1. Are any residues in region 354-370 farther than 14 Å from TYR402 by Cα and exposed (fewer than 15 other Cβ atoms within 10 Å of the Cβ), and if so, which ones?
2. Any residue in region 118-147 that is over 19 Å from LEU326 (Cα atoms) sitting within a Cβ distance under 6 Å of a residue that is assigned to a loop (DSSP other than H, G, I, E, B) and near the ligand (Cβ under 10 Å from one of its atoms)? List the pairs, counting only those 6 or more apart or interchain.
3. Is it true that THR176 is touching a strand residue (DSSP E or B) at 6+ places or on another chain (Cβ under 9 Å), free of Cβ contacts under 8 Å to residues at least 40 places away in the same chain, away from the ligand (no atom under 16 Å from the Cβ) and farther than 23 Å from PRO281 by Cβ?
4. List the pairs whose first member sits in region 327-350 and is touching a residue at least 24 places away in the same chain (Cβ under 8 Å), whose second member is among the basic types (Lys, Arg), and whose Cβ atoms are under 7 Å apart, counting only residues at least 6 apart or on separate chains?
5. Which condition does LYS163 not pass, out of (1) more than 11 Å from the ligand (Cβ to nearest atom); (2) among the basic types (Lys, Arg); (3) over 22 Å from ARG246 (Cβ atoms), if it passes all the others?
6. Wholly within region 204-284, which strands (runs of 3 or more DSSP E) include no fewer than the required count, namely at least 1 residues that are touching an Asp or Glu at 6+ places or on another chain (Cβ under 8 Å) and of a type in the set (A, V, I, L, M, F, W, C)?
7. If you go through region 406-416 one residue at a time, do you hit one that is in a loop (DSSP other than H, G, I, E, B) and farther than 14 Å from SER365 by Cβ?
Amino acid sequence: MTDEQWGMLQGNLLKAVGKNNYSSWIEPLDFDDVRDGVATFNVPTTFLGNYVKQNFGDQILYQMMGMGLNVSRVHFTVPVGQSPAVSNPVEGAAAAEGAFVEVAPQKREAPFAAAPLDSKFTFANFVVGKPNELAHAAAKRVAEGGPVTFNPLFLYGGVGLGKTHLMHAIAWELQTSRPDLNVVYLSAEQFMYRFVQALRDRKMMDFKELFRSVDVLMVDDVQFIAGKDSTQEEFFHTFNALVDQRKQIIISADRAPGEIKDLEERIKSRLQCGLVVDLHPTDYELRLGILQSKVEVQQAQYPELSLEAGVLEFLAHRISTNVRVLEGALTRLFAFASLVGRPITLELVQDCLADVLRNSERKISVEEIQRKVSEHYNIRLSDMIGPKRVRTYARPRQVAMYLCKQLTSRSLPEIGRCFGGRDHTTIMYGVRKIEDMRAQDGQLAEDIEILRRILEA
Ligand SMILES: Nc1ncnc2c1ncn2[C@@H]1O[C@H](COP(=O)(O)OP(=O)(O)OP(=O)(O)O)[C@@H](O)[C@H]1O
């Protein structure tokens, strides 16, 4: 690669990964050479190399291929004498393999590009709670490596709720329990890059053969192939071939199969054939459990820092449903406390995490309240908002008005508009009525408490 091409690649990567990522991770890279299809970059530390490999390896490869360079792998290396020896054998192995590593290298000579596994994503590190217990149980079952009972296992859920963690955990477990199996984990994006590359190099037969020789195939974030017709077609054939051979497939996505837009109907229906389980947004108890487990790691790293009682509870209460944000907040808190030499108190949390706390303030909408209240009282949403005055509808309607006043910042006229254009005095009347009744009616007070908890979860 010439200096000019390197400059162009840097420019493309800047656009693709954004300024912050670029300056933290890409700028420190030093291009070395391309030999036999392997592009080598020098990195200052093993940690940086591993991180770039895991998070941007595909992007770099993709950009280089897009520039017409004959590259099929990227490799990151620390020039001799620059970094201490690799301490984590897993990461070390991954680094030695370049951007991609085979999940079970001891079994076969790296047949093709699978993605590296994160050593932290194991079952032992996965905290189980109500919102994820079914997904966890299904993943555990698949990880036993017994006869295939549901195919595929389809895991879905919002951002940062543990889909990738569970898939890696399955792969780690299978490596130990069934080292004879050829287990491959990759993202749908990587599947596409591999496919495009095979097309370009006229190696489709090899591609098909390789994917069909897998015993357990895991494809993460399958929604990525939506709208990409030829990749979908190839994915469909690979999927069918493996199911026919009774090989286990595990798929993840950010939503249920039927809800992925621009995904062919026949693929949607195949994906629904096995077991479809969702990871629900975390609740308070699960968030607290996760924090308690992650705090041990931080405390081992910063033994000098004391943690005030109530801090974890506060974070679990205030930080949204995304575990990644929760984890990031904890890491930042410990790093910050160590830098400024202060104990971790609620005051420090406010100083250090003001932005995170602001961003994750839950904004409950009037619509959400109306929906939950009508579900709770088992009435139709249209009846709750509509004009009927019978008590079966009127009381839930007033409860919903009361909760809108309590839990949102909407004004009375605004709330009135959401309740079929009612006047603000009607809303005020409803709110007062419920305030008065609450004091005497235990059942009503309990209903309101349950609804508040559901809405604030
Ligand atoms: N139940 C859990 N116990 C422990 N850690 C968890 C749990 N759920 C999620 N995490 C952690 O949260 C982070 C995000 O999880 P993960 O990457 O698996 O999310 P994801 O659902 O794949 O998200 P995305 O949709 O962004 O790909 C990871 O560091 C993971 O270890």
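The values are calculated or read from the model by the stated rules, or taken from the named source; none is laboratory data. Fair warning: this is a prediction, and the values are worked out from it, not measured in the lab. In this analysis, Cβ positions are derived from the backbone assuming ideal geometry, glycine residues included, and neighbour counts consider all displayed protein chains.
1. Once the filter is applied, which keeps residues that are farther than 14 Å from TYR402 by Cα and exposed (fewer than 15 other Cβ atoms within 10 Å of the Cβ), region 354-370 yields ALA354, ASP355, ARG358, ASN359, GLU361, ARG362, LYS363.
2. That search, which allows pairs on different chains as well, returns HIS136/VAL128.
3. no
4. Pairs that qualify, where the first residue is touching a residue at least 24 places away in the same chain (Cβ under 8 Å) and the partner is among the basic types (Lys, Arg), are GLU327/LYS294; LEU330/LYS294.
5. Every condition holds for LYS163 apart from (1).
6. Correct list: 248-253.
7. Scanning region 406-416 turns up at least one residue that is in a loop (DSSP other than H, G, I, E, B) and farther than 14 Å from SER365 by Cβ.
Yes/no matrix, rows are residues, columns are (1) part of a helix (DSSP H, G or I); (2) in the same structural domain as PHE236 (by TED's automatic domain parsing); (3) among the aliphatic types (A, V, I, L, M); (4) touching a Phe, Trp or Tyr at 6+ places or on another chain (Cβ under 9 Å):
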site: PRO147; (1), (2), (3), (4): no, yes, no, no
site: ASN151; (1), (2), (3), (4): no, yes, no, no
site: PHE154; (1), (2), (3), (4): no, yes, no, no
site: LEU161; (1), (2), (3), (4): no, yes, yes, no
site: THR164; (1), (2), (3), (4): yes, yes, no, yes
site: MET167; (1), (2), (3), (4): yes, yes, yes, yes
site: LEU181; (1), (2), (3), (4): no, yes, yes, no
